[in-house]
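The numbers here are math on the coordinates, done by the rules we state, and not lab data. The model shown is predicted, which means the values in this text are computed figures rather than measured ones. Note that we place each Cβ from the backbone using ideal geometry, even for glycine, and neighbour counts take in every protein chain shown.
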């Protein structure tokens, strides 16, 4: 049963990755500018028309977009993403150097977001009308409304410029003497911004779902039959967690979109910062590598969330068995 379901989800994920790569490739070629001239940077104006045509022909840029995409896709399927037009190195090598930093930032931020949102949402939802309940509603709107880059700049000014206790950018000390603790110090500010801008809205979502669950008939019956509050809370949280997981999965792509801004602001050497750099320099092979690898991470994360939902929701399992 679960194998059949997983195979279906994996097939859908592959289709999503195909569409992401197709859209990314098409949008890049619709963007203004000539990617071939990116090789020459500020010396573009010195190139003659013949030299530009020769460059386009050498890199296959004179072919139709569809032909270029098919050629790129064929190579990408065997792990060859081409070479960076700016660095002259294999795209896959450059991207894989950045993947660990992106995964660290994403994992640490998401773990704390889930922990805090469940704790706050559960407590506020169980105490409707309390100060925490009303305060969380206001705080969630405020935190999600404030621009992440503004919060980041404010934190840099306070903790880096004024207090001088935390680094303002990078992933390691410029002296080269970096270790686990140094990595953690560089991680605090970007992770904190992501947590603050997301935890409120997730907590609010869980809070409202818990309020709805408490009012349902099964809770009233359970209380009347003398079920302990601890056991009842477990059931409420289990039922409220299903839409919470679905919401979490739906917002993962936007979470990665926001992390691009944070990585750029704090010069965190991840895929987000690399994507911005590749866009600015019109390094299209590198940008396509960033798009595809980021897409794989997002799709894999959503697959894990879908699996958890499938395991926790008996209705989904029954529907799958009935097919």
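Once you have the Cα-Cα distance between residue 111 and residue 242, take 0.36 nm times their residue separation minus that, and quote the gain in nm to one decimal.
45.4 nm
In which sequence would 131, 115, 104, 262 go, from the one with the fewest C-beta neighbours within 10 Å to the one with the most?
Arranged by neighbour count, lowest to highest, 131, 115, 104, 262 become 131, 115, 104, 262.
Which residue fluctuates the most in the chain, going by a Gaussian network model with Cα springs under 10 Å, if the choices are 25, 50, 116?
So, out of 25, 50, 116, the one fluctuating most is 50.
Among 11, 226, 289, which one shows the highest mean-square fluctuation when the chain is modelled as a Gaussian network with alpha-carbon springs under 10 Å?
226
Compute the long axis of helix 2-30 from its Cα atoms, compare it with the longest principal axis of the Cα atoms of the chain, and write down the angle in degrees, 0 to 90, nearest 10.
40 degrees
Taking Rh as the Kirkwood radius computed over C-alpha pairs, what is the Stokes-Einstein D of the stretch 137-222 at 4 °C in a medium of viscosity 1.567 mPa s, expressed in µm² per second?
83 µm²/s
Listing 98, 86 from the residue with the fewest other Cβ atoms within 10 Å to the one with the most, what is the order?
Going from sparsest to densest Cβ surroundings: 86, 98.
Angle check, please: helix 65-76 long axis (alpha carbons) against the longest principal axis of the chain (alpha carbons), in degrees 0 to 90, nearest 10.
70 degrees
Over the stretch 97-322, what relative contact order in percent results from Cα pairs under 8 Å that are six or more residues apart?
Normalised by residue count, the contact order of the stretch 97-322 is 26 percent.
Compute the distance in nm between two label points, each set 7 Å from the Cα along the Cα-to-Cβ direction, one at residue 228 and one at residue 4.
Result: 4.0 nm between the two label points.
Could you work out the helix-only [θ] at 222 nm for the chain, with each DSSP H run of four or more residues adding -39,500 (n - 2.57) and the total divided by the number of residues, to the nearest 500 deg cm²/dmol?
Result for the chain, helices only: -25500 deg cm²/dmol.
Please give, to one decimal in nm, the separation of the simple spin-label points placed at residue 18 and residue 130, each 7 Å out from Cα toward the Cβ.
So the label points at residue 18 and residue 130 sit 5.1 nm apart.
Quick one: order 81, 192 by neighbouring beta-carbon count within 10 Å, fewest to most.
Going from least to most buried by this count: 192, 81.
May I ask you to derive the FRET efficiency for residue 267 and residue 218 from their Cβ-Cβ distance with R0 = 41 Å, giving the value to the nearest 0.05?
0.20
Roughly speaking, what is the stretch gain from residue 308 to residue 119, that is 0.36 nm per residue apart minus the C-alpha to C-alpha distance, in nm to one decimal?
66.1 nm
So how much slack lies between residue 31 and residue 185, counting 0.36 nm per residue of separation and subtracting their Cα-Cα distance, in nm?
Difference between extended and current length: 51.6 nm.
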